[in-house]
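Taking it in order: structure first as structure tokens, then the write-up.
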Amino acid sequence: MKATVRAHPNIALVKYWGKRDEALILPHQSSLSLTLAPIHVTTTVEFGAPSDTVELHGHAAKGSERDRVLRLLDAVRVQAGRDLGPAKVVSRGDFPMAAGLASSAAGFAALAVAGRAAAGLPEDTRASSILARRGSGSACRSVQGGFCEWQRGERADGEDSYAVQHFDAGHWADLRMVVAIVDRGEKEVKSRDGMKNTVETSPYYPAWVKDAEAEVPRARELIAKRDLEALGELCERNAWRMHATSLAADPPLCYLSAATLGLIQHLREQRKKGVPVWFTLDAGPNPVLLTDAAHEVAAEALARACGAVDVVRCVPGGDATLLTEHL
Ligand code: PMV
């Protein structure tokens, strides 16, 4: 009745931005990401506890945060088909939370896999991905390592909307992602609210959906060939388009800060000088640099020169895994 899982966050190369179903968390378009190590979240789930308790990163979770965790475990109870009693959840991460890094992705992926294991359900990446998706969309891509595509699916019940792994972490072991933390603060507008506003008010939104869907198979082809330059260009183009559609929302949504733009400018200059480095940007100010092992030190130096207060160097990460030691 107790299980502990470690999962890694992921960064999308082709972003997910916008839901067609808010309750089930079904996206308008497919997306594709890389799971990142060594950073991770570890989560223990225990059923049969005296009462429902949720501890996230050392604090008792409250309000909607707590509700999202307990709702996911309710879905586990339905899958188990029996009364599992109240649940105790303890979760800890080893990287800056809510700073544009997908801590919720790693957290909900770990929760889904641990929840199923604690309930005695068999390992099933598809079922875990669907469960994780219901906690936080991008979490469905953190159940497995390497390069995963979240297929939007067509069904109204979401049973065909989950992530599949195209290449494992070993496929492109010298690919690097360098997270440049230019701002440690919590983001002003959570992605959930930002994407809702964009879907409802941005005149560019339909164009975003069409374009992003078409980029996914292209990105997959470039990953197959390990073509860093072309993948880097695709990644930047997709990030700009996500931010462009958000900037066009009403009220406008701007996640970029002066430091973000300064870093991007410097990165372009470095690229002209022959440094193979590209960026992507989620719903926050902290760029994630894409490069290879031979240039990760140069990428970190570039980020620091542009005022990054912290830099997290990442390599392709593996699957969410069960641990024998509990929190
Ligand atoms: O899964 P959420 O609700 O945290 O949304 C993630 C949205 C982006 O990080 C901006 C893009 C993505 O695909 O991860």
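The values are calculated or read from the model by the stated rules, or taken from the named source; none is laboratory data. Bear in mind the structure is a predicted one, so any value in this text is a computation, not a measurement. Quick reminder, even Gly has a Cβ in these numbers, built from the backbone with ideal geometry, and neighbours come from all protein chains shown. Ligands, DNA and RNA are stripped out before the accessible areas are found, and what is left, the full protein with its side chains, is counted by its heavy atoms. Shrake-Rupley method; radii C 1.70, N 1.55, O 1.52, S 1.80 Å.
Mind checking which residues of the stretch 78-107 are at pLDDT 90 or above, part of a helix (DSSP H, G or I) and open to solvent by less than 50 Å² (accessible area, probe 1.4 Å)?
Across the stretch 78-107, the qualifying residues are ALA80, ALA105, ALA106, GLY107.
Being within 15 Å of the ligand (Cβ to nearest atom) and either part of a strand (DSSP E or B) or in the same structural domain as SER202 (by TED's automatic domain parsing) (or both) is the requirement here; does LEU36 meet it?
Answer is yes for this residue.
Filter the stretch 139-176 down to the residues that are of a type in the set (A, V, I, L, M), away from the ligand (no atom under 13 Å from the Cβ) and under 18 Å from ALA224 (Cα atoms), then identify the one that is least open to solvent (accessible area, probe 1.4 Å).
LEU175
Residue-wise test of (1) open to solvent by 50 Å² or more (accessible area, probe 1.4 Å); (2) of a type in the set (D, E, K, R); (3) without any contact (Cβ under 8 Å) to a residue 12 or more places away in the chain.
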residue	(1), (2), (3)
LEU261	yes, no, yes
GLN270	no, no, no
TRP278	no, no, no
ASP292	no, yes, no
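Filter the stretch 177-217 for residues that are among the small types (Gly, Ala, Ser) and assigned to a loop (DSSP other than H, G, I, E, B); which is surrounded by the most Cβ atoms within 10 Å (Cβ to Cβ)?
Out of the qualifying residues, it is SER202.
Quick check on my filter: what residues within the stretch 42-77 are closer than 19 Å to GLU123 by Cα and assigned to a strand (DSSP E or B)?
Those that are closer than 19 Å to GLU123 by Cα and assigned to a strand (DSSP E or B): THR42, THR43, THR44, VAL45, GLU46, PHE47.
Under the condition of being open to solvent by 30 Å² or more (accessible area, probe 1.4 Å) and in contact with a Leu (Cβ under 9 Å, 6 or more places away or on another chain), which residue from the stretch 234-255 is farthest from ALA301 (Cα to Cα)?
Looking at the filtered set, the residue picked out is LEU247.
Select from the stretch 120-138 the residues that are open to solvent by 10 Å² or more (accessible area, probe 1.4 Å) and within 20 Å of ASP282 (Cα to Cα) and write down the one among them that is farthest from the chain's Cα centre (by Cα).
ARG134
Would you check if there is a residue in the stretch 9-24 being more than 12 Å from the ligand (Cβ to nearest atom), assigned to a strand (DSSP E or B) and β-branched (Val, Ile, Thr)?
No, the stretch 9-24 contains no residue that is more than 12 Å from the ligand (Cβ to nearest atom), assigned to a strand (DSSP E or B) and β-branched (Val, Ile, Thr).
Consider ALA110 carefully, then state whether it is among the aliphatic types (A, V, I, L, M), more than 14 Å from the ligand (Cβ to nearest atom), open to solvent by 20 Å² or more (accessible area, probe 1.4 Å) and closer than 30 Å to THR260 by Cβ.
So ALA110 fails the test.
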